[in-house]
Each structure stands twice: as structure tokens, then as C-alpha cells.
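The block underneath contains the structure these notes are about, expressed in C-alpha cells.
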Amino acid sequence: MRLSKDALANIWFPFTYHGDLEENPPIVVDRGSGVYLYDKSGRGYIDAIGSWWVSILGHNHPEITAAVKEQLDKVEHVLMAGCISEPTVETARLLVHMMPRGLTRVFFSDNGSTAVEVALKIALQYWALRGEQRTEFVGLSGSYHGDTLGAMAVGMIPQYHTLFHERFKGFSFSLSPYCYRCPLGLDKQTCEAQCVESLETLLSEHGDRVAGCIFEPMVQGAAGMRVYPAKVLKRIFAACRTHSVLTVADEVAMGLGRTGTLFACEHSGESPDIMCVAKGLTGGYMPMSATVVREEIYAEFCGAFPSDRIFHHGHSYTGNPLASAAAQATLRILLRDRIPQSLGRLAQHFRRELEKFRELECVGDVRSIGMVGAIELVANRGSKEPFPARQRVAFRIARRALDLGLIIRPLGDVLYFMPAYVITEDAIDNMFHLARLAIGQTLDELHTSA
């Protein structure tokens, strides 16, 4: 069942062209169960992207639902200034227990963007409190850290960020480790090395003015699920240490088991100074995020009135009890079920079936790590020539997939899959089968109309 045009009169949809809404009104989702969503008519759809990567344990998980219902009978919200709820205290304890070594203090906010804003403000004020004029940040091209102004200032995907860079403030970016389309035309190994060397050069030139280096560990998500090796991540940490630059790991999308380790930083054996976590933190139930820092960073803010050693930041819903109840339940499930270790066999099946997309001539690259998979579509595999933008091939495929009962949402010419961890091998097979059908039918249609 799709929403009528009249019902769209008052809604502004995110990341959506108005013309597309008129041609293809959104489906009205009535309920969910596991990896499936159901519309008002009862038709089921496989949610292949975890509803924008938040549903890590599946829709309507009985334990998370029960935890929220129980909290709802107690208190719905309380300001986190002079008050706090028990679920918030326990969520912080569990989160620190799960964190890489050294991360001990949790600041709660509402979403990934606000977690990044908190991290940037902490980094800037930390150096100011230490009497150092470090006011710049560095990061990687192809990065995405959210849609608020500060988060956009440290992101670099041209179609998202260029307008705001021109009007807000500048930022320094190194090369992206996107070696399938290396901007310098280098082979994979050399491209990876050049990426880190360009970051090292930036730090050498600006290091004493740089407050922090922010990056998405192992996978640049919104840029097209660009997976890069742990050795690159390890060198990023090393370069930052050399120049005493704070490391800010944006684990909003890839944290909590998505990449095969509990946090993506663990692939490098390194621990950041600041980490941002969101999306799957509440299992997709409530908006909540966390910015977690080392104790020595927190210590700089430990002052008494009337000093400047206080963090003047907060949100109305910081530490919300309902969100905390959902997060507490989610974290306990992750620990109890030994996620991601217990996903090993499922992740292997996921990767093995994903690799079969290489059989299609329109697939130029296949990328995967843990329970993240992506395929990049090309018009010519040999030359890596993309499809003409005007054809909107990936968009058409996603639209056809929805007709077939599969919810996917492309990133440019990249189709990606990030299902909930509760997906079965049979559901994975069906998910990829429907995706292949959608690809084939769309390309046949384009060929016929050419």
C-alpha cells in the first residue's frame, strides 16, 4: 500500500526528490518482524538496509520492546541535569564495558550528527583548556559524519557538502582509500599508501594547529561502502600519535558488531581518543547516541565554579529514559549472544553469496566486511565507465526491487546490503535473489527502450 498524494501535502522527506515522490509515493509501513516490514495491506518486504542501518537486531525485537514498555510505565523523560534514570546509568556502564581500552566517559545525545558535534566541541575545548591554539580538523575525502553544520564541515562528499563548505568554513582532507576508482590512477596497494601519505603530509604541515582527525574506521559508508584495510587504519592512528592529534573514530554506522568486531577500530588493534556511537545503539527503537572519551580528556573539564572547566553542551532529550531502556536491552543482547563472534558462519555465507554478483557484467566491484556488503554498478567493467547519470540505473533498480518485495536504497551507483543480524541464510539467499531479479529486469528495460 502506497501513500496517497493528498497525504504528502505536509511532509518533507529526507534525501528525496519531490518529483520522485509524485511518481512513486512511499509505502505505508504498518508493522515489522525480524528483517521483514509489512505494509497496510499485509505485504512483506525484506529490509535489506536495516532501515538506514539502525535495526541491528531486527524489527519488533521482543526483549527490547518489553524493556521500553516497562520503562514507559515508570517515567518517559527526565532532564539529565541534577537527575538521571537507572537505565541511563546502566547503559553507560555497559557501553564502557564493551568499549576499546581507555574509553571511560560517556556523553549522551540524540543521533550520529550530534554525537559528532559533541566530539568536535570536546576536542576544540580540550586543547583550549590546555592552553594550545588547535582549531583545525583533518579527515579523509569521501567521509560522511552527519548533516548538521559542524558534521558537514568535516565531511567530504561533494553532492552533500560543497555548498556548505563554501558558505560555512574550510577543512583539510587527505585522499580517500577508494582504490577501485583511485583519483591518481594507481594500483590498489600504491593508492592505499598514497592516501595515508597525504594525511601524513597534512599533519606535518598543520599538525600543531590540528585539534583532531576524524574518520570512519574500515568503511566509508555514505560514500558507497568503501572498505579499506586495517593497515591503512593503523597508519592513520600512528600519524595522529606522531603529531599529538586527537583521534575521533566515527563508529556511528559501523560500531556494535557490523564489521565483524564489536567496534571497527578493533581491526587495527588501536583505540581512539574519542568515539561516536549511534544508529544501532537502541536497536532502532529510539533516537540516541553517545560520544565516549578517554578519562584524561574528561579530566580537563573537571572544574569548579566559576572556572571554564565545564562542558556547556546538552540536549533536551539527553539520556532519555525510554531510549536508555532500549539501549540497555540492546547492549545486553549483544553481550549475551556474543555478537559479532556468533555471526561468523552467517557472515561467511553473506560474503560468499554476495561474491556471486561478480558474474554480472554490470558489476564492477564487490566489497564486503562482516555484515556489510556492496556492489558497484558500471556500464563497462573493463574501463570502469559508469552508467550515464541521467539513466539513474541504481535508483531504477531500487524501485523495481521494492515492487518485488525488497527494500534497498542505493548510494550513487552502489547497491548495498546491511540487514539485521537476525537474518537467516535462507533470507540472505532470497534477498540477493530479489536484487539480481531487479537488476536484470531494470537493465532489460533500459536496453529495450534504447
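The values are calculated or read from the model by the stated rules, or taken from the named source; none is laboratory data. Worth saying up front: this structure is predicted, and the values here are computed from it rather than measured. Here the Cβ positions follow ideal geometry from the backbone for every residue, glycine too, while neighbour counts run over all protein chains shown.
So here's what we get for this one:
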item: Lone unmet requirement of (1) buried (at least 24 other Cβ atoms within 10 Å of the Cβ); (2) of a type in the set (Val, Ile, Thr); (3) under 17 Å from the mean Cα position of the chain (by Cα) for Thr261; result: (1)
item: Candidate set: segment 30-70, residues that are in a loop (DSSP other than H, G, I, E, B) and in contact with a Leu (Cβ under 9 Å, 6 or more places away or on another chain); chosen: the one surrounded by the fewest Cβ atoms within 10 Å (Cβ to Cβ); result: Val54
item: So Ser244, is it part of a helix (DSSP H, G or I), in the same structural domain as Tyr180 (by TED's automatic domain parsing) and hydroxyl-bearing (Ser, Thr, Tyr); result: no
item: Test: residue in segment 272-283 that is surrounded by fewer than 24 Cβ atoms within 10 Å (Cβ to Cβ) and under 21 Å from Cys195 (Cα atoms); result: no
item: In segment 204-250, the residues that are closer than 26 Å to Leu377 by Cα, without any contact (Cβ under 8 Å) to a residue 60 or more places away in the chain and of a type in the set (Val, Ile, Thr); result: Val232
item: Which listed residue, of Arg105, Arg93, is of a type outside the set (A, V, I, L, M, F, W, C), surrounded by 14 or more Cβ atoms within 10 Å (Cβ to Cβ) and in the same structural domain as Pro272 (by TED's automatic domain parsing); result: Arg105
item: Segment 303-336 - residue that is touching a strand residue (DSSP E or B) at 6+ places or on another chain (Cβ under 9 Å) and assigned to a helix (DSSP H, G or I) and, of those, surrounded by the fewest Cβ atoms within 10 Å (Cβ to Cβ); result: Ala323
item: Hits in segment 257-308 (condition: closer than 30 Å to Tyr36 by Cβ and small (Gly, Ala, Ser)); result: Gly257, Gly260, Ala264, Ala278, Gly280, Gly283, Gly284, Ser289, Ala290
item: Qualifying residue in segment 220-232 (condition: of a type in the set (Ser, Thr, Tyr) and modelled with pLDDT of 90 or more); result: yes
item: Close pairs from segment 1-21: first not assigned by TED's automatic domain parsing to the domain that holds Tyr160, partner of a type in the set (Lys, Arg), Cβ under 7 Å, at least 6 apart; result: Met1/Lys40
item: Qualifying residue in segment 166-174 (condition: of a type in the set (Lys, Arg), part of a loop (DSSP other than H, G, I, E, B) and out of contact with any Leu (no Cβ under 8 Å at 6 or more places or on another chain)); result: yes
item: Qualifying residue in segment 117-136 (condition: at pLDDT below 95, assigned to a strand (DSSP E or B) and of a type in the set (D, E, K, R)); result: yes
item: Which listed residue, of Val35, Val89, Val29, Val96, is free of Cβ contacts under 8 Å to residues at least 60 places away in the same chain and touching a strand residue (DSSP E or B) at 6+ places or on another chain (Cβ under 6 Å); result: Val29
item: Counted residues, segment 120-158 - those being touching a residue at least 60 places away in the same chain (Cβ under 8 Å), buried (at least 19 other Cβ atoms within 10 Å of the Cβ) and hydroxyl-bearing (Ser, Thr, Tyr); result: 3
